[in-house]
1. When both residues are 6+ apart or on different chains and their Cβ atoms are under 7 Å apart, which pairs have a first residue that lies in region 145-161 and is farther than 19 Å from E256 by Cβ and modelled with pLDDT of 90 or more, and a second that is away from the ligand (no atom under 15 Å from the Cβ) and among the charged types (D, E, K, R)?
2. Of the residues that make up region 306-313, is at least one under 17 Å from V259 (Cβ atoms), surrounded by fewer than 21 Cβ atoms within 10 Å (Cβ to Cβ) and in contact (Cβ under 8 Å) with a residue 12 or more places away in the chain?
3. Looking at region 278-344, what helices (runs of 4 or more DSSP H) fall wholly within it and have at least 3 residues that are under 19 Å from V222 (Cα atoms)?
4. (1) at pLDDT 95 or above; (2) over 25 Å from the mean Cα position of the chain (by Cα): which one isn't true of M312, the others all being true?
5. Conditions first: (1) more than 14 Å from the ligand (Cβ to nearest atom); (2) in contact with a strand residue (DSSP E or B) (Cβ under 6 Å, 6 or more places away or on another chain); (3) closer than 29 Å to G186 by Cα. F160 passes all but one, so which condition is the exception?
6. Need pairs with beta-carbon distance below 8 Å; first residue more than 12 Å from G288 (Cβ to Cβ) and within region 216-227, second part of a loop (DSSP other than H, G, I, E, B) and small (G, A, S); sequence gap 6+ or separate chains.
7. For residues that are at pLDDT 95 or above and among the aromatic types (F, W, Y), tally how many sit in region 253-268.
8. Out of the residues in region 182-238 meeting the condition of being away from the ligand (no atom under 16 Å from the Cβ) and of a type in the set (S, T, Y), tell me which one is surrounded by the most Cβ atoms within 10 Å (Cβ to Cβ).
Amino acid sequence: MQERLMTLQGEAVEKIEKAGSLKELQDIRVEYLGKKGPITEVLKGMGKLPAEERPKMGQLANDVRDAITQKVETKQEKLEREALDAKLSSETIDVTLPGRPVRKGNAHPLTAVVEEIEDLFIGMGFSVAEGPEVETDYYNFEALNLPKNHPARDMQDSFFITEDILLRTQTSPVQARTMEKHEGRGPVKIISPGKVYRRDTDDATHSHQFMQIEGLYVDKNVRMSDLKGTLTLFAQKLFGAEREIRLRPSFFPFTEPSVEVDVSCFKCNGKGCSICKRTGWIEILGAGMVHPNVLEMAGFDSKEYTGFAFGMGPERIAMLKYGIDDIRHFYANDVRFLEQFKRA
Ligand code: PHE
């Protein structure tokens, strides 16, 4: 029995020394020291020994078990240390290497222009309102004094989804929606930026989807001169302190009178150049005094309240401001274009 124990110890030690991985080592431990292992087997056979030999053999078996356990533990530490060393040496960092440049994004030029315009009007006491892009015929047209079959609907070729639902062709429906919420009580003072859609063929100056920024101010005693003052300030903040604006008569069904607003050319100061097509003036937006029918339909008493409204295209404004020659650049997401608008 003694001999058997010594052979087992020898065998186990040899295997432990050869073990190349923690898994292998674990298997060896189970093989020799486990419940079904040979040492347990030997200990079970102790009963057959003469009584005086039992303590000696028991002691020996325990010693062998301890020796193997000891060996396994030492080897385990060694394997773990080796694994750590290998990991550390493969993951060394050369702190003297130059860093990788971090590419920093910037706001889309359209976003930047919209935010600039928002800030400007917020500074004049306007707040920002939003409305749905999928709109009803009622808000997009009827509530804006454009009944069904009105010929002025032709000015805005529309994407209809059903007979009564369409992609909004303008941000003006937000006028009607906002006024309704105020339940006949002023002041209403909002701007509303957002996407609009028209059935146009895309080219350098047309896009089937583009942006508008709507403005609306309804209160007692709002006059045309308030519109002119507000838009003069807007034009000067955006295009330079020397700018002037002029109002030309125009037509929109939801404003009366209606005007087209021009700004004096910021390139030639009104002398005439290629940007202003030799006229000295550049058209920037449409505006007018809110039509009494529009006020009444949205629940305002048109004898008590008046208002002005305007609508502009931020793409057009950004194109003028930055000399961009094709509206499609805004939507192509070409970084070579976008990168040119990093804020200082
Ligand atoms: N909604 C008009 C358009 O898209 C612009 C506009 C808005 C005109 C508000 C007057 C008042 O052409």
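The values are calculated or read from the model by the stated rules, or taken from the named source; none is laboratory data. Keep in mind that what you see is a predicted model, and the values were worked out from it rather than measured. All Cβ positions, even for glycine, are placed from backbone atoms using ideal geometry, and neighbour counts span all protein chains on display.
1. none
2. Yes, region 306-313 contains at least one residue that is under 17 Å from V259 (Cβ atoms), surrounded by fewer than 21 Cβ atoms within 10 Å (Cβ to Cβ) and in contact (Cβ under 8 Å) with a residue 12 or more places away in the chain.
3. Per the criteria, 292-297.
4. Condition not satisfied by M312: (2).
5. In the conditions (1) more than 14 Å from the ligand (Cβ to nearest atom); (2) in contact with a strand residue (DSSP E or B) (Cβ under 6 Å, 6 or more places away or on another chain); (3) closer than 29 Å to G186 by Cα, F160 misses (3) alone.
6. Cβ pairs passing all conditions: V218/G186; D219/G186; K220/G186.
7. Result for region 253-268: 1.
8. Going through the qualifying residues, I end up with T232.
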